[in-house]
Amino acid sequence: MIRAVIVDVDDTLCLTEAASFDLENEVLARMGRPPMSRAVHRSTWGEVLLDAMPRRSPGLDLARFAELFPSVHQQYLADGRLDVIPPENLEALDEFVRAGRTVLLLTSRAEVEVEHMLAADHVLAGRVSGAYHQGNTRFRKPDPRAFDELLADTGLAPEDCVYVGDSPGDAVAAGGAGLRFIACLQSGVRRLDDFAPRYVDAAIDTFPEVVAAVKQLDHPAG
């Protein structure tokens with residue numbers, strides 16, 4: 001039985017690429033820099049923010065960007081423009097909890113970008129048992145060692161887990177660590193043929209379909 005469902009945040013649990021594009025361009029505007037194109041943002045989507053920004057905005061003062069980013073990020077959260085988790089996605093998490101499965105988050109976000117999701121009054125409270133991010137992991141996807149701390153802390157074996165994510169790097173990390181992987185294609189940023197088939201155990205068009213996909217992996221036909 002799959003004991004744990006590990007979920008990526010961006011464009012998996014909630015659709016964030018478009019909002020992040022606007023947010024990052026707002027920071028660039030405050031720095032007096034021209035906006036990046038949507039094409040370059042999408043082509044680097046899924047990478048660690050501060051690793052991707054020099055390609056999104058060549059010549060960027062990265063330290064100044066990192067200094068300004070948190071306040072704009074908080075503004076977007078307060079305005080309800082970022083990290084809005086649809087009710088149907090929350091219901092999918094509830095179904096996992098009712099079935100006795102542990103739900104965890106694993107993301108390449110910095111701690112400041114995910115800490116609001118860990119607050120006691122957040123909608124994820126009582127649904128998600130833990131979160132792994134830049135603040136408590138040593139490695140970043142697509143490195144399979146991104147799962148090291150999660151597996152060590154929980155005592156879970158890789159074969160007990162499935163990871164749900166939206167990027168080929170998510171798939172490579174999960175497969176390399178011995179976890180099963182479900183590709184979530186809801187954002188439309190990537191297609192199934194962007195993924196190496198050997199790393200993908202199932203694919204879903206919308207996040208709520210993950211419940212049926214996990215059941216199928218538990219009880220494969222034949």
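The values are calculated or read from the model by the stated rules, or taken from the named source; none is laboratory data. Everything numeric in this text was worked out from a predicted model, so none of it was measured. No Cβ is skipped: glycine too gets one built from the backbone with ideal geometry, and neighbour counts run over all protein chains shown.
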Of the numbered conditions (1) free of Cβ contacts under 8 Å to residues at least 60 places away in the same chain; (2) surrounded by 19 or more Cβ atoms within 10 Å (Cβ to Cβ); (3) closer than 18 Å to V5 by Cα, D94 satisfies every one except a single condition; which is it? (2)
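Select, from R145, R127, R138, R180, the only residue that is among the basic types (K, R), farther than 23 Å from A110 by Cα and more than 13 Å from the chain's Cα centre (by Cα). First the steps, then the outcome.
On the way: R145 fails: farther than 23 Å from A110 by Cα; R127 fails: farther than 23 Å from A110 by Cα; R138 fails: farther than 23 Å from A110 by Cα.
Within the list R145, R127, R138, R180, the selection yields R180.
Let's see how each residue does on (1) part of a helix (DSSP H, G or I); (2) over 30 Å from T102 (Cα atoms); (3) touching a helix residue (DSSP H, G or I) at 6+ places or on another chain (Cβ under 8 Å); (4) not assigned by TED's automatic domain parsing to the domain that holds F147:
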site: L28; (1), (2), (3), (4): yes, yes, yes, yes
site: R33; (1), (2), (3), (4): no, yes, no, yes
site: A39; (1), (2), (3), (4): yes, yes, no, yes
site: R42; (1), (2), (3), (4): yes, yes, yes, yes
site: D51; (1), (2), (3), (4): yes, yes, no, yes
site: R55; (1), (2), (3), (4): yes, yes, yes, yes
site: L60; (1), (2), (3), (4): no, yes, yes, yes
site: F65; (1), (2), (3), (4): yes, yes, yes, yes
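Could you check how many residues of region 77-95 are at negative phi and either of a type in the set (D, E, K, R) or over 18 Å from the mean Cα position of the chain (by Cα) (or both)? Show your work before the answer.
Keep residues of region 77-95 that are at negative phi, which gives 77-79, 81-82, 84-95.
Then keep just the ones that are either of a type in the set (D, E, K, R) or over 18 Å from the mean Cα position of the chain (by Cα) (or both); that gives 78-79, 81, 88, 91, 94-95.
The qualifying residues number 7.
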Criterion violated by G80 - all others in (1) outside any helix (DSSP H, G or I); (2) free of Cβ contacts under 8 Å to residues at least 24 places away in the same chain; (3) within 22 Å of N136 (Cβ to Cβ) satisfied: (3)
Only residues that are over 17 Å from C161 (Cα atoms) and of a type in the set (S, T, N, Q): list them for region 126-149, please. Q134, N136, T137
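Please determine, by comparing only the residues of region 133-160 that are polar (S, T, N, Q) and without any contact (Cβ under 8 Å) to a residue 40 or more places away in the chain, which one is nearest to M117 (Cα to Cα).
Here is the first cut: in region 133-160, the residues polar (S, T, N, Q) are 134, 136-137, 154.
Next cut, without any contact (Cβ under 8 Å) to a residue 40 or more places away in the chain only: 136-137.
On the way: N136: 15, T137: 17 Å.
Across region 133-160, the extreme among qualifying residues is N136.
With the structure loaded, tell me whether L68 is over 30 Å from V211 (Cβ atoms) and modelled with pLDDT of 95 or more or whether it fails that test. Please lay out each step first, then the result.
Values: over 30 Å from V211 (Cβ atoms): yes; modelled with pLDDT of 95 or more: yes.
When the stated conditions are applied, L68 passes them.
In this structure, does E47 turn out to be modelled with pLDDT under 95, under 15 Å from T107 (Cα atoms) and not β-branched (V, I, T)?
Details: modelled with pLDDT under 95: yes; under 15 Å from T107 (Cα atoms): yes; not β-branched (V, I, T): yes.
Yes; evaluated as a whole, the condition is true for this residue.
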If you go through region 164-222, how many residues are among the hydroxyl-bearing types (S, T, Y) and outside any loop (DSSP other than H, G, I, E, B)? 1
Given the condition at pLDDT 95 or above, small (G, A, S) and surrounded by 22 or more Cβ atoms within 10 Å (Cβ to Cβ), answer yes or no: does some residue in region 135-145 qualify? no
Which numbered condition trips up S20, out of (1) part of a helix (DSSP H, G or I); (2) in contact with a Ser or Thr (Cβ under 6 Å, 6 or more places away or on another chain)? (2)
